[in-house]
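Trainee: One structure, pasted below without further comment.
What follows draws every value from the coordinates through simple rules; no lab data is involved. Remember, predicted model here, so these are calculated numbers, not experimental data. As a convention, Cβ positions derive from the backbone with ideal geometry for all residues, glycine included, and neighbour counts pool all protein chains shown.
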Amino acid sequence: MGRIPAVFGGFAGAAGVALLALGAHHKGGANLTTAGGMLMVHAPLLYLLGLSGAGGLMQRSGLGFIIMGLILFSGSLTLRVFTGITLLPMLAPMGGSALILGWTILAIGALIGKR
């Protein structure tokens, strides 16, 4: 799996802090706070799993869905605030669904994985 999830986790944490700070001072603060909070919740997971070196198929799949979900969810909310673009309003719900699926895959992987 390599360190890609750890790198993404580090950047997700940095972006989360920045979005939370902007959310406190920006007109569209609620969306930025939501996007930043979602990044902050998932950043430690990505960072630690990336550094752990664990990398079964279930883990890679779950992390892939989590990374994709964060990009879709937080990215679409942030894009909406700064550009006003609302052409693809279903990106945030799709991202949330990908996050749920990613966590579910990680849980199943832990349940059926090697002991």
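Trainee: Count, please, the residues in the stretch 48-77 that happen to be within 15 Å of LEU106 (Cα to Cα) and within 12 Å of the chain's Cα centre (by Cα).
Mentor: Residues in the stretch 48-77 being within 15 Å of LEU106 (Cα to Cα) and within 12 Å of the chain's Cα centre (by Cα): 8 in total.
Trainee: So for the stretch 62-78 (the condition being out of contact with any Leu (no Cβ under 8 Å at 6 or more places or on another chain) and more than 23 Å from ARG3 (Cα to Cα)), does at least one residue qualify? Talk me through it step by step, then tell me what you get.
Mentor: The initial filter retains those residues of the stretch 62-78 that are out of contact with any Leu (no Cβ under 8 Å at 6 or more places or on another chain), namely 64, 68, 71.
With more than 23 Å from ARG3 (Cα to Cα) added as a condition, the list becomes none.
No, every residue in the stretch 62-78 fails to be out of contact with any Leu (no Cβ under 8 Å at 6 or more places or on another chain) and more than 23 Å from ARG3 (Cα to Cα).
Trainee: Would the stretch 85-93 turn up any residue that is among the β-branched types (Val, Ile, Thr) and within 18 Å of PRO5 (Cα to Cα)?
Mentor: Initially, the stretch 85-93 is screened for residues among the β-branched types (Val, Ile, Thr), giving 85-86.
Applying the additional criterion that residues be within 18 Å of PRO5 (Cα to Cα) yields none.
No, there is no match, as no residue in the stretch 85-93 is among the β-branched types (Val, Ile, Thr) and within 18 Å of PRO5 (Cα to Cα).
Trainee: Kindly check whether there is at least one residue in the stretch 98-113 that is more than 12 Å from the chain's Cα centre (by Cα), among the β-branched types (Val, Ile, Thr), closer than 14 Å to LEU32 by Cα and surrounded by fewer than 14 Cβ atoms within 10 Å (Cβ to Cβ).
Mentor: no
Trainee: Taking the stated definitions as given, is THR86 more than 15 Å from the chain's Cα centre (by Cα) and polar (S, T, N, Q)?
Mentor: On the way: more than 15 Å from the chain's Cα centre (by Cα): yes; polar (S, T, N, Q): yes.
When the stated conditions are applied, THR86 passes them.
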